[in-house]
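Notes for the one structure printed next.
The values are calculated or read from the model by the stated rules, or taken from the named source; none is laboratory data. Given the structure is predicted, the values throughout are model-derived calculations rather than measurements. Because the Cβ atoms are built from the backbone with ideal geometry, glycine has one as well, and the counts that use them run over all protein chains shown.
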2 protein chains.
Amino acid sequence: MSENKGLSDLEIAHNATILPIEEIAVRAGINVDALELYGPYKAKINPAKLVLPEGKAHGKVVLVSAMSPTPAGEGKSTTTVGLADSLARAGHKVMIALREPSLGPILGMKGGATGGGYSQVLPMDDINLHFTGDFHAVTSANNALMALVDNHIFQGNHLGIDPRRMTFKRVIDMNDRSLREIIIGLGGPAQGVPRQDGFDITVASEIMAVFCLAADLDDLRTRLGRITFGYTFDRQPVTVADLGVEGALTLLLKDAIKPNLVQTIAGTPALVHGGPFANIAHGCNSIIATRTAQELADIVVTEAGFGADLGAEKYMDIKSRIADVAPSAVVVVATIRALKMQGGVPKDKLSEPNVDAIAAGVENLKRHVGNVAKFGISPVVAINKFASDTDEELQWLLKWCAAEGVEAAVADVWGRGGGGDGGDELASKVAAAVQGPSNFHHLYPLELSVEDKIRTIVQEIYGADGVEFSVPAQKRLVDIQKNGWGGLPVCMAKTQYSFTDDASKLGAPKGFRVHVRELIPKTGAGFIVALTGAVMTMPGLPKEPAAMRMDVGPDGNPTGLF
Amino acid sequence: MSENKGLSDLEIAHNATILPIEEIAVRAGINVDALELYGPYKAKINPAKLVLPEGKAHGKVVLVSAMSPTPAGEGKSTTTVGLADSLARAGHKVMIALREPSLGPILGMKGGATGGGYSQVLPMDDINLHFTGDFHAVTSANNALMALVDNHIFQGNHLGIDPRRMTFKRVIDMNDRSLREIIIGLGGPAQGVPRQDGFDITVASEIMAVFCLAADLDDLRTRLGRITFGYTFDRQPVTVADLGVEGALTLLLKDAIKPNLVQTIAGTPALVHGGPFANIAHGCNSIIATRTAQELADIVVTEAGFGADLGAEKYMDIKSRIADVAPSAVVVVATIRALKMQGGVPKDKLSEPNVDAIAAGVENLKRHVGNVAKFGISPVVAINKFASDTDEELQWLLKWCAAEGVEAAVADVWGRGGGGDGGDELASKVAAAVQGPSNFHHLYPLELSVEDKIRTIVQEIYGADGVEFSVPAQKRLVDIQKNGWGGLPVCMAKTQYSFTDDASKLGAPKGFRVHVRELIPKTGAGFIVALTGAVMTMPGLPKEPAAMRMDVGPDGNPTGLF
């Protein structure tokens, strides 16, 4: 993302004017005594002390999604930030709700998750590193649970937990492939009971999902207690409440659950809170953050991870069922580069003009746009401008959108900032869309069987002919029914690079089937995860990890961080 | 510790008056713009912004140590806090430097590590849970290193690292015995390279030790780079600098390295920062915290973990060699209960009057007192009063101290608080000791071989006849010499319950040998760890973990936390 400017994202962020967080709070309508400061530019908001405006209508939600991304991402966060800044510039009372970045990918290869160029949330280095410690708290709660479970087995196993049928793993906020498959408890009778195990990345933890879906502290405790971590020797599910430790896990999360207030470069208030991955979890910020933003602002701009097939579908079918957060407008971010990639251009040629490739790749965008319409919402396409884009390419895409009857605007929020005029046209189209009538509905009713819910998603959203279940997945379908979990929605775990479960199949493929290799009931979060294809719940590091370039400068500021 | 009062430590802490941390800063002579607030009652101090008083002499250090402890501890932190409060009450400009608590034992069985009764640092619940995230940052840095190392091996192993000769482990701030011995990297060529591994608890991480011994951010980077994490196939040590990731690790620690300011119940300023375990690491708070406190106050009261055989010896021989922090006075905390235990009384009978058992157990105290004198310092014995102590017992002990020519005072800082008159006599004796002449010297010169350094410690401090090295330890002694590490001091890892390496041998045993089973060169921290007996670098949870009682109350405050 730093190819077309002299300054890196980090340099732009450090050059920006940042206001004391109390000023941002006042701007957002937050009483300052509800703030718990973390340095001068970050604060948690204590919901118990927040005095909300009386009689104010809940803010409308704008959901920012995208076409299938390139590995560098399409600038969805950048568009989210820039769009919000542009809406604020046009006089709207606006607030951002964004998920927190995961440390693992930051040390690996992904850019920051705080936007880019002149559309960033600040302080970007803090937010991309430990921030206010929320992910560490989730990691602690997750691993406390597993230490307590293995200790229970070691100390006599009163509950009769079958060590071969554990479904919950330890987590670490790191890309660490060596921990994917491990054996623990070796060393003899004093060191525990040996069993097969593995670590997931923290953003794949059910505790992260529970954290993001909880309405408040009491709901958090209830959901934590409801988590199924494994099965007994007689194949009954065992929950956290059976073990009696939901109180301790709640205690470990009591501060993390308070949403974090920060600001954009243009001074727009942003709540950055929670962050499950959208390819392996439900993929959006906490309900507490979205609801708080709705109570304070008229328009809330929020993001769902990866392409609209993943984050947006889960936003509509999972998050919007639990709380009243259904979007009034959906933005689908597209880039000329991603269209070329979807049209078959190799990664090192994406900067070369190529309208033919765009015309081939636009089928991918078309399917995403059509998918959003299936939820009753007409999307707005945001063309996130890169410096390498030619006028001919941009005009071709605008014409295509017009011919398809889709609202679209070119946004240069990266280069000019939403606080400048880079996002004015996009903001005006989104503001209009928000006021339009909403026919929002979910894709499927909960009464469908889990099998049919998955079939509906893969056929309606991915464009597949059908779904194949592995033998273990078929067995789990029976269990799910037997245990009374058939009414839960489904959380698909799939590669973000393709509509199929194979990352190499680009464009808008047809004539394929999706392979469900494993089903994991997440009874605390309240959904069934379906792992498809080769999707991993623990990423690895690349050959040249980004960490190799990172350091602290003599001024105490980070260097090499994007 | 909560047996002899109607109120729990947590209740006393919640009933206490807590001042805004800015007021405490002013009291300590800290300019408020050097503070980075973490809520209203905690702040990090940014050393780059701290304006120090000119021409002020460095404060004198009072080191609080103890006799061999009972599993519940002897109230060393309580005495540290109460003594500082009493010194402040007597008009001294005083500051506390204390290590941070580890989350693992808190969820297990240990009480909080923030003092007790009316001698506590506040906010005790925050400090005992995630506090300002320092331990999470250490965990992240440690595990980032290991993910990068295993990724290096996976990606072609250019450095030729031998996966069978790794000496560095991943860590987790949890008591989790199942992770002591594990196999990682299973699952085939895409999941890494299989090898034997294990997790230590975070407080045993060399990165924690480095963090606590670093003078500043640059020294931190240098020490991190110097860490040896394993050996190549041709048996050469491989360091973090060889891998080139010391910058990224420094970045992950850049905020954690700033010391944390909090307050006691009586309003005395306290720096709580860093926290290696004293049985498996060097066991005291960061040098940055101790030095900062010395620059601000006239008297700094600090604590070294477990008994004087462990924490105090390491304070004298490791920490005091690296920085000018040698103690001007040493307090040895003793309790009637611990003396009875050392005299052979079973745990459930410690509250029954028993002068004979005290007379038998006092040999343990005598050896600790004598050991302190070997460093050129005459200790003050602090008798930490419990409600079950009889006058006869206390008088017996005071008389014994007088006969031995040892200064002593009964301190009721738990029940009455240092802010009350509970510690006045102790404070007056300590204030006198601080002014006395210091003949401080280390126990051994660095020129001795590692073998002879260990022999000196076990014979002079533990009272052993000698030391036995396992075959692997003998081989490592040769390596240490060959690699030029022979001049490093030694960090003994030993049970805290006995002078021997066997926790069941109480009192002041004679005629025993200490068994060194493993030597681990910590070239970043700058010492050689000697693991003796069965000492563990990863604790386990008890049958009824403390976590089972913990929760959050309707007011949002913790319940069941001590």
What is the residue count in the stretch A:26-76 for residues that are among the small types (G, A, S), crowded, with 18+ Cβ neighbours inside 10 Å and within 14 Å of another protein chain (Cβ to nearest Cβ)? 3
Go through the stretch A:372-400 and give me each residue that's among the aromatic types (F, W, Y) and under 19 Å from A:P327 (Cβ atoms). A:F375
Among the residues that make up the stretch B:108-117, is at least one of them more than 14 Å from every other protein chain (Cβ to nearest Cβ), of a type in the set (K, R) and part of a loop (DSSP other than H, G, I, E, B)? yes
Could you tell me which numbered condition A:V210 fails, if it satisfies all but one of (1) in contact with an Asp or Glu (Cβ under 8 Å, 6 or more places away or on another chain); (2) at pLDDT 95 or above? (1)
Looking only at the stretch B:438-454, decide whether some residue is part of a helix (DSSP H, G or I), under 27 Å from B:N364 (Cβ atoms) and under 24 Å from the mean Cα position of the chain (by Cα). yes
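Within the stretch A:153-166, can you find the residues that are of a type outside the set (K, R) and either in contact with a Lys or Arg (Cβ under 9 Å, 6 or more places away or on another chain) or free of Cβ contacts under 8 Å to residues at least 40 places away in the same chain (or both)?
Pass one, the stretch A:153-166, residues of a type outside the set (K, R): A:153-163, A:166.
If the condition is that a residue be of a type outside the set (K, R) and either in contact with a Lys or Arg (Cβ under 9 Å, 6 or more places away or on another chain) or free of Cβ contacts under 8 Å to residues at least 40 places away in the same chain (or both), then A:I153, A:F154, A:Q155, A:G156, A:N157, A:H158, A:D162, A:P163, A:M166 are the ones that fit.
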Could you list, in sequence order, the residues of the stretch A:219-257 that are under 20 Å from the mean Cα position of the chain (by Cα) and not in a helix (DSSP H, G or I)? A:A256, A:I257
Considering only residues that are of a type outside the set (D, E), surrounded by fewer than 20 Cβ atoms within 10 Å (Cβ to Cβ), more than 25 Å from the chain's Cα centre (by Cα) and not in a loop (DSSP other than H, G, I, E, B), which ones fall in the stretch B:334-363? B:K349, B:V355, B:A359, B:A360
Tell me whether the stretch A:464-476 contains one or more residues that are in contact with a His (Cβ under 9 Å, 6 or more places away or on another chain) and either within 14 Å of chain B (Cβ to nearest Cβ) or in a loop (DSSP other than H, G, I, E, B) (or both). yes
May I ask you to list the residues in the stretch B:407-421 that are within 13 Å of B:R89 (Cα to Cα), surrounded by fewer than 24 Cβ atoms within 10 Å (Cβ to Cβ) and in contact with an Asp or Glu (Cβ under 6 Å, 6 or more places away or on another chain)? B:G419
Which residue pairs have Cβ atoms closer than 7 Å, lie 6 or more positions apart in sequence or on different chains, and pair a first residue in the stretch A:26-52 that is free of Cβ contacts under 8 Å to residues at least 12 places away in the same chain with a second residue that is buried (at least 18 other Cβ atoms within 10 Å of the Cβ)? A:V32/A:A25
Just to be sure I understand, how many residues within the stretch B:551-561 are within 8 Å of another protein chain (Cβ to nearest Cβ) and either within 16 Å of A:N143 (Cα to Cα) or charged (D, E, K, R) (or both)? 1
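Looking at A:I21, A:I12, which is the one that is aliphatic (A, V, I, L, M) and either over 24 Å from A:K385 (Cβ atoms) or within 14 Å of chain B (Cβ to nearest Cβ) (or both)? Give the steps one after another, and end with the answer.
Working: A:I12 fails: either over 24 Å from A:K385 (Cβ atoms) or within 14 Å of chain B (Cβ to nearest Cβ) (or both).
Only one candidate passes the filter, namely A:I21.
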Filter the stretch A:503-519 down to the residues that are under 28 Å from A:I207 (Cα atoms) and modelled with pLDDT of 95 or more and list them by number. A:V514, A:H515, A:V516, A:R517, A:E518, A:L519
Being farther than 19 Å from A:P237 by Cα, in a loop (DSSP other than H, G, I, E, B) and touching a Ser or Thr at 6+ places or on another chain (Cβ under 7 Å) is the filter here, so list the residues in the stretch A:505-537 that pass it. A:K505, A:L506, A:P509, A:F512, A:G533, A:V535
Lone qualifier among B:D134, B:D162 - being more than 7 Å from chain A (Cβ to nearest Cβ) and buried (at least 23 other Cβ atoms within 10 Å of the Cβ): B:D134
Checking B:A97 against (1) of a type in the set (G, A, S); (2) assigned to a loop (DSSP other than H, G, I, E, B); (3) crowded, with 18+ Cβ neighbours inside 10 Å, the condition it does not meet: (2)
Condition set under 21 Å from A:P105 (Cα atoms) and without any contact (Cβ under 8 Å) to a residue 40 or more places away in the chain, scope the stretch A:177-202, selection surrounded by the most Cβ atoms within 10 Å (Cβ to Cβ): answer is A:S178
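Determine which member of the set B:D150, B:D125 is within 11 Å of another protein chain (Cβ to nearest Cβ), part of a helix (DSSP H, G or I), acidic (D, E) and touching a residue at least 60 places away in the same chain (Cβ under 8 Å).
When all the criteria are applied, what remains is B:D125.
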Any residue in the stretch B:479-500 that is loosely packed, with under 15 Cβ neighbours inside 10 Å, within 14 Å of chain A (Cβ to nearest Cβ) and part of a loop (DSSP other than H, G, I, E, B)? no
A:V245 - would you say it is in contact (Cβ under 8 Å) with a residue 40 or more places away in the chain, under 24 Å from B:L561 (Cβ atoms), within 10 Å of chain B (Cβ to nearest Cβ) and in contact with a helix residue (DSSP H, G or I) (Cβ under 6 Å, 6 or more places away or on another chain)? yes
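Residue-wise test of (1) farther than 24 Å from A:S328 by Cα; (2) touching a residue at least 40 places away in the same chain (Cβ under 8 Å); (3) touching a strand residue (DSSP E or B) at 6+ places or on another chain (Cβ under 7 Å).
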position	(1), (2), (3)
A:Q342	yes, yes, no
A:N354	yes, no, no
A:G361	yes, yes, no
A:P379	no, yes, yes
A:A387	yes, yes, no
A:L394	yes, yes, yes
A:E407	no, no, yes
A:V410	no, no, yes
Residues of the stretch A:165-218 satisfying the condition of being farther than 15 Å from A:S286 by Cβ, outside any strand (DSSP E or B) and more than 14 Å from chain B (Cβ to nearest Cβ): A:T167, A:A204
